[in-house]
């Protein structure tokens with residue numbers, strides 16, 4: 001009589017999950033080739049695995065829904081489901097699932113794509129111009145920390161990406177800045193240019209950019225002990241962001 005060990009049964013049980021992960025990885029590679037290449041296979045699989053769990057936790061557990069969810073991670077950032085600058089996360093969302101706030105995934109995905117169209121513009125024209133402005137920003141123009149800092153950062157972000165600012169509004173942008181300040185401080189970034197850079201990256205890449213494997217260059221700098229001094233880390237983050245933009249634009 002053939003006896004199948006428990007370890008073998010676990011392998012058999014996991015096979016459909018691995019096959020689904022593989023299909024999602026192929027989907028990502030087809031739709032987001034540059035991002036997948038930069039992420040690497042190991043981190044991409046981990047991202048896919050985390051997306052499956054997170055999508056299910058947020059109320060979207062069907063395979064098609066998970067594929068949409070994963071696409072939105074690539075398009076809007078790893079924490080798009082709770083990013084305070086995005087319209088479906090306005091107000092107090094603590095304890096609520098994304099599905100409870102936005103309804104069916106197919107309709108929500110269409111809504112998210114409309115948001116991207118309105119902000120990025122035809123053929124990403126608005127986004128490209130914003131990336132150039134961000135790369136050319138002079139950190140010495142950052143407003144001093146203190147009263148009026150939030151207003152000053154708002155004005156900078158509006159100047160860099162006016163279309164995005166217009167769509168999401170000042171209230172949402174201020175909420176993002178208030179999230180950025182303590183988050184940057186966790187990495188020792190407390191100087192004005194550093195905080196402005198950090199808030200700007202959240203504005204452009206999503207509020208979860210500090211742990212987003214798609215932006216591994218930022219994650220590495222934020223966690224590199226070589227940049228123990230916060231001001232040094234902030235400057236290096238700005239330099240890396242400018243290098244990333246130049247590489248993305250091909251110039």
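Tabulated results
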| item | result |
| --- | --- |
| For the stretch 15-52 versus the stretch 175-251, the gap between their alpha-carbon centres in whole angstrom | 25 Å |
| Distance histogram in 10 Å bins (all Cα pairs of the stretch 21-106, percent per bin) | 17, 51, 26, 5 |
| Full-extension gain in nm, residue 150 to residue 94, via 0.36 nm per residue minus C-alpha separation | 17.8 nm |
| All-pairs Cα distance distribution in the stretch 93-170, expressed in whole percent, bin size 10 Å | 16, 33, 30, 19, 2 |
| Gain in span if fully extended, residue 223 to residue 63, counting 0.36 nm per residue against the direct Cα distance | 54.2 nm |
| Spin-label model distance (nm) - residue 31 vs residue 140, 7 Å beyond Cα toward Cβ | 4.4 nm |
| Rg ratio (alpha-carbon, reference 2.2 N^0.38 Å) - the stretch 177-243 | 0.94 |
| Quarter of Cα convex hull surface for the stretch 121-249, i.e. mean projection, nm² | 7.3 nm² |
| Rg and Dmax of the chain, Cα atoms only, in Å | 19.7, 78 |
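Values quoted throughout were computed directly from the atomic coordinates according to the rules given, and no laboratory measurement underlies them. Everything numeric in this text was worked out from a predicted model, so none of it was measured. Positions of Cβ are backbone-derived with ideal geometry, glycine not excepted, and every protein chain shown enters the neighbour counts.
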